[in-house]
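Novice: Structure in structure tokens, see below.
FYI, it's all coordinate maths here, none of it is from the lab. Being a predicted model, the structure only gives us computed values, none of them experimental. Because the Cβ atoms are built from the backbone with ideal geometry, glycine has one as well, and the counts that use them run over all protein chains shown.
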Amino acid sequence: MMLTRCDLLFSSHSNALALWTCFARLVDLRIWDCDALVYWPENVFQVLVSLRRLSIWSCSKLTVHTQASDGQSAPERGGLLPRLESLWINGCTSLVLVPNLPASLKTLHIASCSDNIKSIIFGQHEYVTLVGGEGVVQPDTSSLIPGSCGSEATASTAVLKLSSAANHRSLPCLESLSIWRCDCLSEVANLPSSIKILDIYSCGNLQSLSGKLDVVQKLNIISCSRLESLESWIGELWSLEVLMLYGCKSLVSLLDGPQAYSSLRVLQIQDCDGIKSFPPGLQSCLDCLEVKHIDACYEEPKTLIRAIRRLVDKAATRLFPCSYDEESDSD
């Protein structure tokens, strides 16, 4: 079901919640451009017990703070959206929190929320608020941390602390994480080990990644110009099949290990000027790849010579097809 500018459904009107009870079996919900969606609608989501896919787009006033209504207490931690598998939050420029997420979540996509997100930290079960320039730390019992990444002097530091319900380790089913166009983001920490696909695009201020990705299969990091290293966080890479690094000009080192890159099929490393050479594990598998797009400086001399010769042969075949065939026969 797609809702566009349906402010009434998220209003405080008593009939609004009654209407939501008709959607207890709803599986897919997409919310677009809803100015009334400011707080995380706990009472609404408590009704949607069958929901598996939730997308929230261009709700520019959404902060994801919670607000109790009609004197009702908030749902217990982990009681919301118990079957949710996919959450997309895109273009919500006021976002300062990510809700306490259910352990069932498999896909998380956060995009174009650049105004307020500085850090994303997984596996936290409390939050602190860093207050302006005074550095006052205030603990709380929530699983999230609010803030702002604005340039004004009084802005606080935005840290999204993501966790699943109590008694669960951090999002144990999360397989796909995408973070796109979050310009203020400088840190992603404690990545869940269950992640198979990690896609980070156009986060120009990103400097730090941490977490052990034991089963990652696809790793895309594109246009993250301040990221310097992958050595301290990525895991053994034995299951990695696709590696794409593009436009990471400060990146200087890649992880290596006994089984690293043993499953690699597709490699693209371009416009990463800081990487002067590949680790031995990656270098040794270059000739076995199904798809390879890398800058010429990473090719070994013999491999480079063979590549140049193939290009010359192709050019000669096109320009002089007959004479080239005769020379080949005489050889």
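Novice: Dividing the Cα convex hull volume of region 179-247 by residue count, how many Å³ per residue is that? Walk me through the numbers on the way to the answer.
Specialist: Values: hull volume 4.7 nm³, N = 69.
Spread over its residues, the Cα hull of region 179-247 gives 68 Å³ apiece.
Novice: Go through 172-179, 1-8 and give me the packing order, highest mean Cβ count within 10 Å leading. Before the final figure, lay out the partial values.
Specialist: On the way: 172-179: 18.8, 1-8: 12.4.
In decreasing order of mean packing, 172-179, 1-8 become 172-179, 1-8.
Novice: HN-Hα J couplings of region 16-29 from phi, Karplus 6.51/-1.76/1.60, θ = phi - 60°, integer Hz, Gly and Pro as x?
Specialist: Going residue by residue, I get 5, 5, 4, 5, 5, 5, 6, 10, 4, 9, 4, 9, 10, 10 Hz, with x marking Gly and Pro.
Novice: At 1.002 mPa s and 20 °C, plugging the Kirkwood radius over alpha-carbon pairs of region 218-278 into Stokes-Einstein gives what diffusion coefficient in µm²/s? Working shown, then result.
Specialist: Details: Rh = 11.6 Å.
Rounded to a whole number, D works out at 184 µm²/s.
Novice: What's the extension gain from Ser50 to Gln217 if we count 0.36 nm per residue and subtract their Cα-Cα distance? It would help to have the intermediate numbers written out before the result.
Specialist: On the way: separation 167, 0.36 × 167 = 60.12 nm, distance 2.94 nm.
Net length gain for the segment: 57.2 nm.
Novice: Please arrange Glu231, Glu85, Glu241 by counting, for each residue, the other beta carbons lying within 10 Å of its beta carbon, fewest first. Please list the in-between numbers first.
Specialist: Numbers: Glu231 12, Glu85 18, Glu241 15.
Ranked by crowding around the Cβ, least crowded first: Glu231, Glu241, Glu85.
Novice: Another question, then. Give me Arg181, Arg25 sorted ascending by neighbouring Cβ count inside 10 Å, so fewest comes first.
Specialist: Details: Arg181 17, Arg25 9.
The most exposed by this proxy come first: Arg25, Arg181.
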